[in-house]
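Read the structure below first, then the notes.
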Amino acid sequence: MLTTEKVKINIHQTEKSRLNDLDQNNIVFGKLFSDHMLHADYENGKWGDPEIVPYGNLPMTPAISALHYGQSIFEGMKAYKNEKGEVSLFRPLENQKRINISAERMAMPSIPEELFMEGLKQLVYLDKGWVPDAEGASLYIRPFLIGTDEFIGVKPSDNYRFYIITSPAGKYYNAPVKVLVETNYIRAVEGGVGYIKVSGNYGRSLFPTKLAQQRGYQQIIWTDARNHRYLEESGTMNLMVIIDDVLITPPVGDTILAGITRDSVVTLARDWKMKVQERKISIDEVIEAHKRGTLEEMFGTGTAATIAHISTFGFEGKDYELPSVEGRIFSNRVAQELDNIKRGKTEDKHGWMYKVG
Ligand code: COI
């Protein structure tokens, strides 16, 4: 058992590691889970001590409230190995704060910082061997919180369970993506839940994405719910464009997630004295820039992919090609710099890395 001032963590180690199942050269995102997971229960208005146990199935009733009414929120974050074999997390406190923003909006209890951070640190330390060291690889970490009442009346659950599971990850996309600007379906609306990581936001995106894929695109660029004119997110990522050397990204708010990678990219751009505008950007402005030849780069930012270059966007039946990825100065530089920071190859000026051991 591990005891800190406020958190006691019971650790039950697996008797048989599955680490041999991991092929470092062929990692499929989200398929293989490491040996252990963490869980903690919220009952009678308070959190119990977390436990780290062998990865396994959830004990649950078919009436569990998370399944019926969607009290199910999550985070995505990563751990990286440096050349000395030390493991660090990238900006984990931001995930801890954000899961509590999601919890508040979904009428769920907040997760104390010490429980989240200490649990996370111990779990990742225990499964340190699962953090791949190949280029572009990392350990993807999925904290999530679900309502666990056995009750199908519509009300906030009284009981909850917090889990953290982890999964080795390679590159999310192997090539630049072709995206469709969506003007029929919507992802988020003012007053809604677009700014949080609730599972329903992802579920609702699957059908429109499937339709786009049938037309030869890989992802969607979501537009505003009122007029379908302003660009919002790109698939599960924040969106950035560079026009005339200015980095433009839609402002976070009700309909856009405050991405941690988004914030990191904007911070580095400002460090490099690049002009950054966090403002609304319409599809008309992007097409106009494309016509003038000033649309230099377009990419998504997110935890899973870090930077996902966009090669082409489709709008109203026409495809618009962007300049080749090799020649893109900013997105390539920022992807490299983030990787260098995460692997301890460059100075961590902003204190983003959190050492696990
Ligand atoms: C991210 O990249 O930040 C995501 O949320 C993707 C995840 C849902 C797989």
Residue satisfying all of: in the stretch 123-170; touching a strand residue (DSSP E or B) at 6+ places or on another chain (Cβ under 6 Å) and in a loop (DSSP other than H, G, I, E, B); nearest to E337 (Cα to Cα) among these: D133
Considering only residues that are among the acidic types (D, E) and within 16 Å of the ligand (Cβ to nearest atom), which ones fall in the stretch 45-87? E75
Taking V325 as the residue in question, decide whether it is within 16 Å of the ligand (Cβ to nearest atom), in contact (Cβ under 8 Å) with a residue 60 or more places away in the chain and in contact with a helix residue (DSSP H, G or I) (Cβ under 9 Å, 6 or more places away or on another chain). no
Out of all the residues in the stretch 207-224, is one or more among the aliphatic types (A, V, I, L, M), touching a helix residue (DSSP H, G or I) at 6+ places or on another chain (Cβ under 9 Å) and in a loop (DSSP other than H, G, I, E, B)? no
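State the number of residues belonging to the stretch 241-266 that are surrounded by fewer than 20 Cβ atoms within 10 Å (Cβ to Cβ) and within 16 Å of the ligand (Cβ to nearest atom).
The first filter runs over the stretch 241-266 and keeps only residues surrounded by fewer than 20 Cβ atoms within 10 Å (Cβ to Cβ), leaving 244-246, 251-254, 258, 263.
The next check asks that each one be within 16 Å of the ligand (Cβ to nearest atom); those that pass are 252, 258, 263.
Residues in the stretch 241-266 being surrounded by fewer than 20 Cβ atoms within 10 Å (Cβ to Cβ) and within 16 Å of the ligand (Cβ to nearest atom): 3 in total.
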Number of the exception - L67 against (1) within 28 Å of E347 (Cα to Cα); (2) out of contact with any strand residue (DSSP E or B) (no Cβ under 6 Å at 6 or more places or on another chain): (1)
Would you check which residues across the stretch 310-328 are in a strand (DSSP E or B) and surrounded by 10 or more Cβ atoms within 10 Å (Cβ to Cβ) and list them? I310, S311, T312, F313, G314, F315, D319, Y320, E321
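Here is a yes/no grid of residues against (1) touching a residue at least 24 places away in the same chain (Cβ under 8 Å); (2) within 16 Å of the ligand (Cβ to nearest atom); (3) in contact with a strand residue (DSSP E or B) (Cβ under 9 Å, 6 or more places away or on another chain); (4) not aromatic (F, W, Y):
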| residue | (1), (2), (3), (4) |
| --- | --- |
| A269 | yes, no, yes, yes |
| K273 | no, no, no, yes |
| V276 | yes, no, yes, yes |
| R279 | yes, no, yes, yes |
| I283 | yes, no, yes, yes |
| I287 | yes, no, yes, yes |
| A305 | yes, yes, yes, yes |
For the stretch 206-227, enumerate the residues that are out of contact with any Ser or Thr (no Cβ under 8 Å at 6 or more places or on another chain) and among the small types (G, A, S). A212, G216
Where residues in the stretch 67-86 are buried (at least 23 other Cβ atoms within 10 Å of the Cβ) and of a type in the set (A, V, I, L, M), which of them is farthest from A169 (Cα to Cα)? I73
For the subset of the stretch 189-237 comprising residues that are without any contact (Cβ under 8 Å) to a residue 24 or more places away in the chain and within 12 Å of the ligand (Cβ to nearest atom), which member is farthest from P143 (Cα to Cα)? L206
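Give the residue that is surrounded by the most Cβ atoms within 10 Å (Cβ to Cβ), with candidates limited to residues of the stretch 177-188 that are part of a loop (DSSP other than H, G, I, E, B), away from the ligand (no atom under 16 Å from the Cβ) and not hydrophobic (A, V, I, L, M, F, W, C). Give the steps one after another, and end with the answer.
First, the residues of the stretch 177-188 that are part of a loop (DSSP other than H, G, I, E, B): 182-188.
Going one step further and asking which of them are away from the ligand (no atom under 16 Å from the Cβ), we end up with 182-186.
Now narrow it down to the ones that are not hydrophobic (A, V, I, L, M, F, W, C): 182-185.
Values: E182: 23, T183: 15, N184: 8, Y185: 17.
Per the stated criteria, the residue is E182.
Any read-out appearing in this document is the output of simple, stated calculations on the displayed coordinates, not a laboratory observation. All values reported here derive from a predicted model rather than from experimental measurement. With ideal geometry, Cβ positions are generated from the backbone for all residues, glycine too; neighbour counts draw on all protein chains shown.
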